[in-house]
Amino acid sequence: MKTKKHWYDYLWIASTLYLLLGFINILFAWLGLLCFFIPLIISIVKGNKAYCNKYCGRGKLFNLLGNKLGLSIKRECPTILRRQWFRYSFLIFFLTMFGNMIFVTYMVFGGSRELVNVVKLLWTINFPWNFSYNNSISPWIAQFAFGFYSVMLTSTVLGIITMIFFKPRTWCVYCPMGTMTQAICKVKNHGKE
Amino acid sequence: MKVKKRAIIPKNQCVACGVCVKVCPRNAISIISGVYAKVDDSLCVGCGLCAKACPASIIKMEGDVQ
Ligand code: SF4
Ligand code: SF4
Ligand code: SF4
């Protein structure tokens, strides 16, 4: 449907910029916390998924790549992706990796571990990332940035792969933030629906 | 006898992403409490655009005999 464009229809630009800025200075990765806290706050305070439904730049980016640029072959998604157990397992996996990242940051903060300047893709492949980091800041701040950027890049890559093979926004079916905000809404609005 | 098609969304499989809401030309779908999408039968014209777009591929088009 042709409707009026809203300011938030352009948020895919922010998502793209975020990924690019990581190449320039890894510290920009900290901005990614916005995509972590905003959806949570909206779902906790308002009890809805307005973040997914309206604002999320990543969803828009996949829509743009898949629908406008025609990069998607739009097959039906495998049923496993939408199964509750799969979505929640993926969420738990993601949160575990997130916790691990915080722990590593903490160890670097405490001095019991050296800063590792790599971006880890798909939790296994290491990319040396020295070019976007200068040594002038506290190592733990950089460590968190590397960890967070790895999470964002990995999820974008997974999202792009499923965007290509299945419907453009297939990432949204198993996106941990989407699953988490929906779960919060379920708890918060229990009995109200 | 007329067969009217309409979209059916299984509530417990919906991920509430809102993709269907955006494509519906009749504004017939809304996300209820951030949990699932619901079709307003009185607005739905059975065009099937939502079923095509749903990333979870859960929307079925059903014909009602009226
Ligand atoms: S499910 Fe994830 S990627 Fe999709 S709109 Fe929600 S937060 Fe964004
Ligand atoms: S079938 Fe068409 S009119 Fe009905 S809910 Fe889906 S998109 Fe809207
Ligand atoms: S597009 Fe599919 S999964 Fe997303 S809200 Fe609509 S029915 Fe639910």
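Out of all Cα-Cα pairs in the stretch B:3-65, roughly what percent, to the nearest whole number, are more than 20 Å apart?
15
Using the C-alpha gyration tensor of chain A, what are the square roots of 5 times its eigenvalues, in whole angstrom, with the largest one first?
In descending order, the three semi-axes are 29, 20, 17 Å.
Kindly sort A:H6, A:H190 by accessible area of their heavy atoms, largest first, with the probe set to 1.4 Å.
A:H190, A:H6
At 7 Å along Cα-to-Cβ for each site, give me the label-to-label distance between B:N27 and A:S136 in nm.
So the label points at B:N27 and A:S136 sit 5.2 nm apart.
So what is the calculated 222 nm ellipticity per residue for chain B, using -39500 (n - 2.57) for each DSSP H run with n of 4 or more, over all residues, to the nearest 500 deg cm²/dmol?
-3000 deg cm²/dmol
Between chains A and B, what is the buried accessible area summed over both chains (1.4 Å probe, protein heavy atoms, nearest 100 Å²)?
1900
Sort by residue number and report every cysteine in the protein assembly as shown with no other cysteine beta carbon within a distance under 4.7 Å.
By the Cβ distance rule, which asks for a partner under 4.7 Å, the isolated cysteines are A:C35, A:C52, A:C56, A:C77, A:C175, A:C185, B:C14, B:C24, B:C44, B:C47, B:C54.
Would you calculate, for chain A, the mean residue ellipticity at 222 nm contributed by helices, counting each DSSP H stretch of 4 or more residues as -39,500 (n - 2.57) and dividing by all residues, to the nearest 500?
Numbers: 8 runs with 109 residues, N = 193.
Only helices count here, giving -18000 deg cm²/dmol.
Just reorder A:S150, A:S136 by solvent-accessible area, largest first, 1.4 Å probe, all chains present.
Largest accessible area first, the residues go A:S136, A:S150.
Please report, in debye to the nearest 20, how large the charge dipole of the protein assembly as shown is about its Cα centre when each Lys and Arg carries +1 at its beta carbon and each Asp and Glu carries -1 there.
1040
With Rg and the Kirkwood Rh both taken from Cα atoms, where does Rg over Rh land for the stretch A:111-193?
Numbers: Rg = 17.5 Å, Rh = 15.3 Å.
When Rh is taken as the Kirkwood radius, the ratio is 1.14.
Compute the semi-axes of the equivalent ellipsoid of the stretch A:31-124, taking the square root of 5 times each eigenvalue of the Cα gyration tensor, and list them largest first in whole Å.
30, 19, 16
Which percent of the accessible area of the protein assembly as shown is formed by carbon and sulfur heavy atoms (probe 1.4 angstrom)?
In the protein assembly as shown, the share of accessible area belonging to carbon and sulfur is 66 percent.
May I ask for the distance between the Cα centers of the stretch B:1-33 and the stretch A:76-107, given as a whole number of Å?
That distance is 28 Å.
In Å², what does the accessible area per residue of the stretch B:3-65 work out to with a 1.4 Å probe?
Value returned for the stretch B:3-65: 46 Å² of accessible area per residue.
At a 1.4 Å probe, which residues in the stretch B:11-31 are at least 30 Å² less accessible with all protein chains present than in their chain isolated?
The answer is B:Q13, B:V15, B:C17, B:V19, B:K22.
Going by alpha carbons, how many degrees (0 to 90, nearest 10) lie between the helix axis of A:11-24 and the longest principal axis of chain A?
The angle comes out at about 20 degrees.
Evaluate the distance, in nm, between pseudo-label points positioned 7 Å from the Cα of A:I80 and of A:V116 along their respective Cα→Cβ axes.
With each label placed 7 Å out from Cα toward Cβ, I get 2.7 nm.
Can you give the FRET efficiency for A:F109 and A:T16, using 1/(1 + (r/R0)^6), R0 = 35 Å, r = Cβ-Cβ distance, to the nearest 0.05?
Approximately 0.70, to the nearest 0.05.
The values are calculated or read from the model by the stated rules, or taken from the named source; none is laboratory data. Since the structure is predicted, the reported quantities are computational estimates derived from the model, not experimental observations. Note that we place each Cβ from the backbone using ideal geometry, even for glycine, and neighbour counts take in every protein chain shown. Areas reflect the complete protein model, heavy atoms only, side chains present, ligands, DNA and RNA absent. Shrake-Rupley method; radii C 1.70, N 1.55, O 1.52, S 1.80 Å.
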